[in-house]
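This report refers to the structure that appears directly beneath it.
The values are calculated or read from the model by the stated rules, or taken from the named source; none is laboratory data. What you are looking at is a predicted structure, and each value in this text was computed from that prediction instead of being measured. Positions of Cβ are backbone-derived with ideal geometry, glycine not excepted, and every protein chain shown enters the neighbour counts.
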Amino acid sequence: MAARKVLIVGASGGVGGALLKQLLSTSNPPSIRVSTRSLGKATFPSTVEVVQGDLEDPSSYPRLLKGIDRVFMYANSQAPLQQLLSAAKDGGVQYIVLLSSMTVEFAPESSIGKKHLTIEDAVKESGIAYTFLRPRNSASNSRLFWAPIVEKTAKLWITFPNSHTAPVSEHDIVSETVVFISIQFPSRETASSRSNRYLQLYL
Ligand SMILES: NC(=O)c1ccc[n+]([C@@H]2O[C@H](COP(=O)([O-])OP(=O)(O)OC[C@H]3O[C@@H](n4cnc5c(N)ncnc54)[C@H](OP(=O)(O)O)[C@@H]3O)[C@@H](O)[C@H]2O)c1
């Protein structure tokens, strides 16, 4: 069976970090490379390979992608997507998990929706097998966005206070990804027979 080598772009972030942690806690973790734009800014376990990389900087693509067959990445609308995905394909990447957003379904015309849809479409067109994670509200919003507002104003300002949503934690966003990004495909199966789908993460 082929070796599995997974690239996690954004392992210093909330969702990428949760994926790294969960992958490393499995009984048979794949070989893992993580990337960060600034080496030394974040610390990573000694068992993973760390490289400097930036989705917006094509000169870093060989360093990111060499020898990789599966990728987890964020949706970055500034990245030269055709170049990135060609480099991934040429480098042997067979499967991409893209952190997208539920906005592509409920507000595709919004700037956030358009941004994520553009990247989803580019991944689809690349011919590489994919799974799109489409969470709605991240649980970390309450810490990152709400806590400072409450601290400053002693009030919580919410645009649609009567709407009902269930924020999803980063750990739940990636829990299934852990399985399909690290599974050893039986020799007759390809990544695409298990993927090319959307994972909706909302209530
Ligand atoms: N917040 C929500 O409610 C919500 C809902 C649906 C979807 N989402 C999606 O989730 C994303 C945020 O996820 P998160 O909370 O995990 O973010 P986060 O904690 O801010 O992490 C972002 C990660 O991206 C990496 N990064 C940033 N720019 C990069 C670049 N140019 N090249 C390579 N890596 C780069 C950073 O790594 P370094 O700094 O180490 O380079 C960092 O690890 C949103 O952008 C959206 O797409 C969010």
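Any residue at all in segment 69-76 that's within 10 Å of the ligand (Cβ to nearest atom) and surrounded by fewer than 20 Cβ atoms within 10 Å (Cβ to Cβ)? It would help to see each step written out before you state the result.
If we filter segment 69-76 for residues that are within 10 Å of the ligand (Cβ to nearest atom), which is where we start, we get 73-76.
Going one step further and asking which of them are surrounded by fewer than 20 Cβ atoms within 10 Å (Cβ to Cβ), we end up with 74, 76.
Taking every residue of segment 69-76 in turn, at least one turns out to be within 10 Å of the ligand (Cβ to nearest atom) and surrounded by fewer than 20 Cβ atoms within 10 Å (Cβ to Cβ).
Counting just the residues of segment 1-28 that are farther than 20 Å from Asn76 by Cβ and touching a Lys or Arg at 6+ places or on another chain (Cβ under 9 Å), which one comes out nearest to the ligand (Cβ to nearest atom)?
Per the criteria, the residue is Lys5.
Pairs only if they're at least six apart or on different chains, beta carbon under 8 angstrom, first in segment 45-59 and under 10 Å from Val9 (Cα atoms) and at pLDDT below 95, second of a type in the set (A, V, I, L, M, F, W, C) and assigned to a loop (DSSP other than H, G, I, E, B); list them, first residue then second.
Nothing qualifies.
Kindly provide the set of residues from segment 30-54 that are more than 9 Å from the ligand (Cβ to nearest atom) and of a type in the set (Gly, Ala, Ser), ordered by number.
Ser31, Gly40, Ser46
Any idea which residue in segment 162-203 is nearest to Gly17 (Cα to Cα), counting only those that are assigned to a loop (DSSP other than H, G, I, E, B) and at pLDDT 80 or above?
Out of the qualifying residues, it is Ser169.
Can you find a residue that is within 11 Å of the ligand (Cβ to nearest atom) and touching a residue at least 24 places away in the same chain (Cβ under 8 Å) anywhere in segment 141-155?
yes
Restricting the search to segment 156-171, which residues are surrounded by 10 or more Cβ atoms within 10 Å (Cβ to Cβ), more than 13 Å from the chain's Cα centre (by Cα) and in contact (Cβ under 8 Å) with a residue 24 or more places away in the chain?
Result: Thr165, Ala166, Pro167, Val168, Ser169.
So which of Ala79, Ala87 is touching a Leu at 6+ places or on another chain (Cβ under 6 Å) and within 14 Å of Val9 (Cα to Cα)?
Just one listed residue meets the conditions, Ala79.
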